[in-house]
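The values are calculated or read from the model by the stated rules, or taken from the named source; none is laboratory data. Source: prediction; values computed, not measured. FYI the Cβ positions are ideal-geometry reconstructions off the backbone, even for glycines, and counts take in every protein chain you see.
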Amino acid sequence: MRQALTALPGWLRDTGLITLLAVAAILPGLLTMPVLDRDEARYAQSSAQMLETGNPVEIRFQDAPRHRKPVGIYWLQAASTGLISSAEAREIASYRLPSLAAAIVAALATWGAGCALAGRRTGLIAGALLAVSVLLASEGAIAKTDAALAAACALAFLSLVKVRLAADTPEDAGARPGFWAVTGWAAIAAGILIKGPVAPLAMGSAVLVLTLWERRWDWWRHYLGWRGPALAAAIVLPWLVAIQIATGGEFLASWFGNDLAPKLVSGHEGHGAPPGSHTLLLGLLLFPASLALPAGLYRAGAALAGRSGDALPARLLLVWTVPLLIFFELLPTKLPHYPLPLYPALAVLAAWGAVSLPAQPVWTRFAGAALALVGAAVLSLLMGALAIGFDGPVSAALLFALTVMALAAGATTLWINAHAISAIAVLIAAALVWHTGARAIVAPQSEGLFLTQAVERELEAHALLGPDTVILSTYTEPSLVFALEGRPQLLDTAGLQAALARPAPDRVVLFDTSRAGPEADAVLATLEARACARHGVEGFNYSRGTHTSVFIFRLGSCPPSEDTP
């Protein structure tokens, strides 16, 4: 077996290993986590409706137009679900597969960039570190845009690296700068179709800063040929024109006015944080690559100071990360996943530091060890808090947490003693243990955390839903809509009161006590008087940060097994 593996080309062994690590980190949580509120459930429900209606242009969540993001991720989710499942099955895993594939692409593109900048060993370490990183692997198991955006940005970064390096080696016939320039255009276009301006912002800021830094722009010519822009236009414009026609020109105005602009001027939807927040989270979300990040930063600084011949790789890594990180730090709206497009370059930077660790100052080893230990401790505490706070498997959480901490302690000891490769291998194992424990076992089994799942179980246990039953709900989380095949009518208390005044066939009413308004007492009295069955569940609504109860009332004819309250 070993001889067969060593007979394979080196690039194939490297990419195979990185792919296996990504799958090992992502797949357990992808298969076990219930559908998440709120973004994942909205994306999945809208993709399901796209399959059901056969309309690939308009994006809708129930009856409402969803003008929050372009169509790219919906196409990918609808395609994967149509191939291996169906919209009716409501299997959330099928909607997550594009994110898994995108995370693998991001890790492989990072491997390519690392190989081009600093050699095969750096590329392998960079791809492996990114594949198991907390943020990318977590996003790779969620049915939303961020892993796909990371893939597009990683490919754009790889394009920048290849095209710029080729400008210094014009005699290298294998450099193919024209091909990589067209790849960059395609990646940017894909990024636009997935999440709008982030990919062109990343690429544009990197190119601009690099040009000003070097006072050199001759390498641009490869991006100015007609093939790249034509391909980008062919990717983006057909749908953009179609959606503008279908919505009477409202899509772009609504997208900018209701989604992009508010994020630029305030902490949109309560997601504000002070500048520096993203940088502080790097030690946690970049884990395990955070171990080598101080060494990588020192290596880049030394290269720029002329103490080595690696100034160009340092410039390329920094122009991709620093301008975009500054933008995200200054952006009033902050969510932890926003800086994910930076992570491919940060992973290469960390790997670059790791391969030269023996030559680094001792303080870089201790700084990296401290970041890794703090990251491992916080991740372990989060796992324990989930189990303790939400009726999860406490013993399993403790076992996984102790394992993560033991591996982290061993890895940091190796790191301090300059055994870089062994340290990284052990810390990658720690990351895989955490992904398996936290996202595949502890979180899914913490029942108090998933209120929609509890409601769904209660409805099924008492056979409260028939094919024609109307569902009215003041519990308005999108996961409920996805779980119940788009059937619930989401209402506030006043809307529910008005609906109850209208005659209707059999109905089930879900009443969220945490969203009660002034009409709550009257509505509850009406429900108590008219219900032939009543049930209830309790749990934690993590989207709103509140504990709540959901009362379930059956109005109309009840199954014979149900008791009148």
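Could you tell me whether residue 96 is outside any loop (DSSP other than H, G, I, E, B), assigned by TED's automatic domain parsing to the domain that holds residue 251, among the basic types (Lys, Arg) and closer than 17 Å to residue 194 by Cβ? Here the answer is yes, as residue 96 does meet what is asked. Residues in the range 275-294 that are under 11 Å from residue 343 (Cα atoms) and surrounded by fewer than 24 Cβ atoms within 10 Å (Cβ to Cβ) were compared, and the one that is modelled with the lowest pLDDT is 282.
Considering only residues in the range 446-465 that are out of contact with any Asp or Glu (no Cβ under 8 Å at 6 or more places or on another chain), assigned to a helix (DSSP H, G or I) and buried (at least 18 other Cβ atoms within 10 Å of the Cβ), the one that is modelled with the lowest pLDDT turns out to be 449.
In the range 425-439, the residues that are touching a residue at least 40 places away in the same chain (Cβ under 8 Å) form Cβ pairs under 7 Å with partners that are outside any helix (DSSP H, G or I) and surrounded by fewer than 22 Cβ atoms within 10 Å (Cβ to Cβ), at six or more places apart or across chains, as follows: 439/33.
A single entry from 12, 17 fulfils the requirement of being without any contact (Cβ under 8 Å) to a residue 40 or more places away in the chain and assigned to a helix (DSSP H, G or I): 12. Might you let me know whether the range 58-67 holds any residue that is touching a residue at least 40 places away in the same chain (Cβ under 8 Å) and assigned to a helix (DSSP H, G or I)? Checked against the condition, which is being touching a residue at least 40 places away in the same chain (Cβ under 8 Å) and assigned to a helix (DSSP H, G or I), the range 58-67 yields no hits at all.
Among the residues making up the range 28-41, those that are assigned to a helix (DSSP H, G or I) and within 14 Å of the chain's Cα centre (by Cα) are 29, 30, 39, 40, 41.
Got at least one residue in the range 371-389 being assigned by TED's automatic domain parsing to the domain that holds residue 279 and under 23 Å from the mean Cα position of the chain (by Cα)? Within the range 371-389 (the criterion being assigned by TED's automatic domain parsing to the domain that holds residue 279 and under 23 Å from the mean Cα position of the chain (by Cα)), the answer is no, since none of the residues qualifies.
What helices (runs of 4 or more DSSP H), lying completely within the range 119-177, carry at least 3 residues that are farther than 30 Å from residue 440 by Cβ and touching a helix residue (DSSP H, G or I) at 6+ places or on another chain (Cβ under 6 Å)?
Ranges flagged: 146-168.
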